[in-house]
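The structure appears below as structure tokens.
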Amino acid sequence: MDLEYYEVLEITRTADAAEIKKAYRKLALQYHPDRNQGDKEAEEKFKAINEAYQVLSDEQKRATYDRYGKQGLDSQGFSHFSDMRYEDIMGDLGSIFESVFGGGFSSGGFGGGGSKQNRKYNLDLEAEVTLAFNEAIFGTKKEVSFSYKKPCDACDGTGSKDKSKATCKECKGKGQVFYRQGFMTFSQTCPECNGKGSVVKNPCPSCNAKGFSQVDDKVIIDIPEGIDNNNRIRVAGRGNIDERGTRGDLYILVHVKEDEHFVRHNDDIYIEVPVFFTQVALGETIKIPTIRGETELELPLGAKDKQQFIFKKEGVKNVHTHQLGSMIAQISIRYPKKITKEQKELLEKLQAEFGIETKHKDEKFESVFDKIKSWFD
Ligand SMILES: [Zn+2]
Ligand SMILES: [Zn+2]
């Protein structure tokens, strides 16, 4: 790998610090070994990117390189990544990665863990609240109980009685250990210190060496009108507290109970309306409930079972746009399961009135019956 550093990072010779960082970020993510397991070419490329960045992000090294090239650096004792052992590179990268990507990434692993470096717990916290169907639709105030973590007062969060920690021997304080399998190097959280990089000597009795305590708390939150099941409400600055006093946020996951009549789908409300067949036949207008009161459904003559009728703006107010959804009324036509002698007579009379005679076979099917018979002759 003897490409020019600028070429490797795909930037011009006049690129400034921000451009260099941006280019490195993009390429390092693209060629990171975690994403290219077993790909030798990606590994080489990754090394080259890191070497280039280590030089170009350092003003002095960059100036030397600009004037004297790689030989100039060599004469100053700079070691090329391409000549280094993979483990050493990954070990060294910790600080580079932290400065470029922030605490969220470690050199050893992308994704999954998040910002757990030297932190015993995530700062953001989740709690849950259950709302009645109408509380979610119209909004309300709710008291939510939760419990957050804070550094143990007795040991200042160290987990150690005398507040001392020893560097973990297994990972030499890096929190990660590297191991080889064939030609590939893998990294994992140090099993000895669980990634903390340090071990507790004299365990603190009040927190069992955990270094933190759990505090019960309550918060009253405004539930906005239109919130839906599985939405999250963020309460800033009510999460866990770390040793430096930084506090995360509390996220409240909303569960909404179902209603026995209304079914909510996003901002729309569905309701099933049972109607008797005579009501459909007569085209009656019936009163139906809405989430805010009532409205009228005019049954058109010839309405079919499961036919839907849309009532605009009778739905839920969208929690973000404040636009009202619709109510969809679906009719379910009911027929009598039993009829009295008198009812039967009335219906027969009605049927005759429509010119339909009572008989077992309809003439229009005669030809069909004949056809079916012929199939089996
Ligand atoms: Zn360790
Ligand atoms: Zn303690």
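Points to keep in mind about this one:
- Hydrodynamic estimate: the Kirkwood radius of the chain over Cα pairs, inserted into Stokes-Einstein at 37 °C and 0.692 mPa s, corresponds to D of 115 µm²/s.
- Lys, Arg +1 and Asp, Glu -1 on Cβ, resulting dipole of the stretch 262-334 about Cα centre, debye, nearest 20: 140
- Dipole check for the chain: with +1 at the C-beta of Lys and Arg, -1 at the C-beta of Asp and Glu, and the Cα centre as origin, the magnitude is about 1100 Debye.
- Between the stretch 7-50 and the stretch 308-349, the alpha-carbon center distance in angstrom: 63
- All lysines inside 18 Å of Lys172 as judged from Cα atoms, apart from same-chain residues fewer than 8 positions distant: Lys116, Lys196, Lys201
- Here the simple spin-label model places points 7 Å from the Cα toward Cβ, and for Phe186 and Glu272 these points are separated by 5.2 nm.
- Ranked by how many other beta carbons lie within 10 Å on average, peptides 186-195, 227-236 from highest: 186-195, 227-236
- Angle of helix 341-353 to the longest C-alpha principal axis of the chain, folded into 0 to 90 degrees and rounded to 10: 90°.
- Against the chain, whose longest principal axis is taken from its Cα atoms, helix 40-56 shows a tilt of about 60°.
- For the chain, cysteines whose Cβ has no other cysteine Cβ within reach (under 4.7 Å): none
- GNM remark for the chain: springs join alpha carbons under 10 Å apart, and the peak mean-square fluctuation among Phe262, Phe146, Phe365 falls on Phe365.
- Residue-span extension gain [Arg62 to Ser367] - 0.36 nm each, minus C-alpha spacing: 100.2 nm
- Peptides 130-138, 212-220 ordered by average Cβ neighbours within 10 Å, highest first: 130-138, 212-220
- Placing unit charges on the Cβ atoms of the charged side chains and taking the dipole of the chain about its Cα centre, the candidate lying farthest along the positive direction among Gln37, Gly195, Gly159 is Gly159.
- Projected label distance in nm at Val319 and Gln30, using a 7 Å step from Cα toward the beta-carbon: 3.9
- Cα-Cα over 30 Å, subset of Lys26/Lys169; Lys150/Lys317; Lys306/Lys371; Lys257/Lys313; Lys306/Lys349; Lys257/Lys306: Lys26/Lys169; Lys150/Lys317; Lys306/Lys371
- Gained length - His255 relative to Glu19, 0.36 nm times residue gap less alpha-carbon distance: 80.4 nm
- Degrees between helix 17-31 axis and first principal axis of the chain (Cα, 0 to 90, nearest 10): 70
- Mean Cα-pair separation over length for the stretch 5-84, i.e. relative contact order, pairs under 8 Å, 6 or more apart, %: 29
- Cα gyration tensor, the stretch 269-377 - rounded (a/c under 1.5), prolate or oblate: prolate
Quick note: the coordinates plus some simple rules give every number you see, no bench work behind them. Note that the structure is predicted; figures quoted are calculated from it, not measured. FYI the Cβ positions are ideal-geometry reconstructions off the backbone, even for glycines, and counts take in every protein chain you see.
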